[in-house]
1. From PRO62, PRO133, PRO124, PRO152, which residue is farther than 22 Å from GLN274 by Cα, buried (at least 17 other Cβ atoms within 10 Å of the Cβ) and either touching a residue at least 40 places away in the same chain (Cβ under 8 Å) or of a type outside the set (A, V, I, L, M, F, W, C) (or both)?
2. Can you pull out every residue in the range 185-210 that is farther than 30 Å from THR151 by Cβ and without any contact (Cβ under 8 Å) to a residue 12 or more places away in the chain?
3. What about HIS170, is it of a type outside the set (S, T, N, Q), under 29 Å from THR131 (Cα atoms) and at pLDDT below 95?
4. Let me confirm something: among LEU293, LEU289, which residue is under 20 Å from LEU164 (Cβ atoms) and out of contact with any Leu (no Cβ under 8 Å at 6 or more places or on another chain)?
5. Which residues, taken from the range 218-238, are touching a Lys or Arg at 6+ places or on another chain (Cβ under 9 Å) and buried (at least 19 other Cβ atoms within 10 Å of the Cβ)?
6. I'm trying to understand the selection: among the residues of the range 194-217, which are of a type in the set (S, T, N, Q), over 15 Å from ASP105 (Cα atoms) and surrounded by fewer than 18 Cβ atoms within 10 Å (Cβ to Cβ)?
7. Consider the range 248-294. How many of its residues are in contact with a helix residue (DSSP H, G or I) (Cβ under 7 Å, 6 or more places away or on another chain), modelled with pLDDT under 95 and outside any loop (DSSP other than H, G, I, E, B)?
Amino acid sequence: MRFKRFDLNLLVVLDTLLRERSVSKAAEQLNLSQPATSAALGRLRQYFNDEILVLRGRRMVPTPHAQGITPIVAKALADIEALISASTVFDPATSQRTFRICASDYVTVVLLLPLLSELEKSAPNLRIEITPPSPEALPALERGEIDFLLTPEQYTAKDHPRKLLFEERHVVVGWNENPIFREPLTEEKFLEQGQVVIALSHAPSFSEQEMGELNRRRRIDIVCSSFLAVPWLLPNTRRLAVMHERLARIMTGKHPLAIAPLPFAFPPMREMVQHHAARDTDGGIQWFLQRILERAAALRNESM
């Protein structure tokens, strides 16, 4: 389709080229041949009277004009997708729609796992794609590539709606035969023990960020990138870990673990759900959002 002499299909190519900054990688993402993608770039250059991407050394970089239109292109595609989605009536019982969620393995186990079990009955034909947090999470939300971002409050985007799912406390977890759990845990004893910590690729985890100055006094033995890996690394050792309380309580039923309160002040984590502002009128997005919020409310009630 054309709009004011512009082939609207080229918007998708332009967005992918600006994101990948490579004709070959863009071609792979678009499932097009490299010559076809190169030809599309040529048409874009002709229409905008701008090179769009130029070679600098061995890398392609966007021109100043291309940098300026990048957020406009992303928003235009997100708005188009919202328009298409909102133009149809959403029926969960028959819909074959794909919902894309960015969430950590912690949130997947604590919140999404029971929700997806429920959806298998009420919306059996839905497809759910869950991707882990990464540096691309917020740009992907902005471009409309993910439908929901589930993340602690400080990692949400400022320009899109967000709702509180639940607050989460943190606790100390270790092997249930570790003698340190035989009496109340003190800050001094906590700092003396070797510890397992989380290092995420996109940002510090909430717990590591909030540890602040205590991080310099801790003895860190193991660093891993998965919340779900931590419980496996504690049995038969004297190591400790700071974990989300809900996840810790689930894991004590599967591993020989003990739980103790943190021996120092620690703020609760506010877990949020966020979607693109342009999707407010999308019936499917609003339906799925309500299911997430209902599951979160049940989770809060279970904790009372």
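1. PRO62
2. Once the filter is applied, which keeps residues that are farther than 30 Å from THR151 by Cβ and without any contact (Cβ under 8 Å) to a residue 12 or more places away in the chain, the range 185-210 yields only GLU188.
3. no
4. Criteria check complete, one pass: LEU289.
5. Scanning the range 218-238 gives a single hit, PRO231.
6. Of everything in the range 194-217, those that are of a type in the set (S, T, N, Q), over 15 Å from ASP105 (Cα atoms) and surrounded by fewer than 18 Cβ atoms within 10 Å (Cβ to Cβ) turn out to be GLN209, ASN215.
7. 5
The rows are residues; the columns are (1) in contact with a strand residue (DSSP E or B) (Cβ under 9 Å, 6 or more places away or on another chain); (2) under 17 Å from HIS170 (Cα atoms); (3) part of a helix (DSSP H, G or I).
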| residue | (1), (2), (3) |
| --- | --- |
| VAL196 | yes, yes, no |
| HIS202 | no, no, no |
| GLY212 | no, yes, yes |
| ASP221 | yes, no, no |
| VAL242 | yes, yes, no |
| ARG246 | yes, yes, yes |
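The values are calculated or read from the model by the stated rules, or taken from the named source; none is laboratory data. Note that this is a predicted model, so its numbers are computed, not measured. Cβ coordinates were reconstructed from backbone atoms using ideal geometry, including for glycine residues, and neighbour counts include every protein chain displayed.
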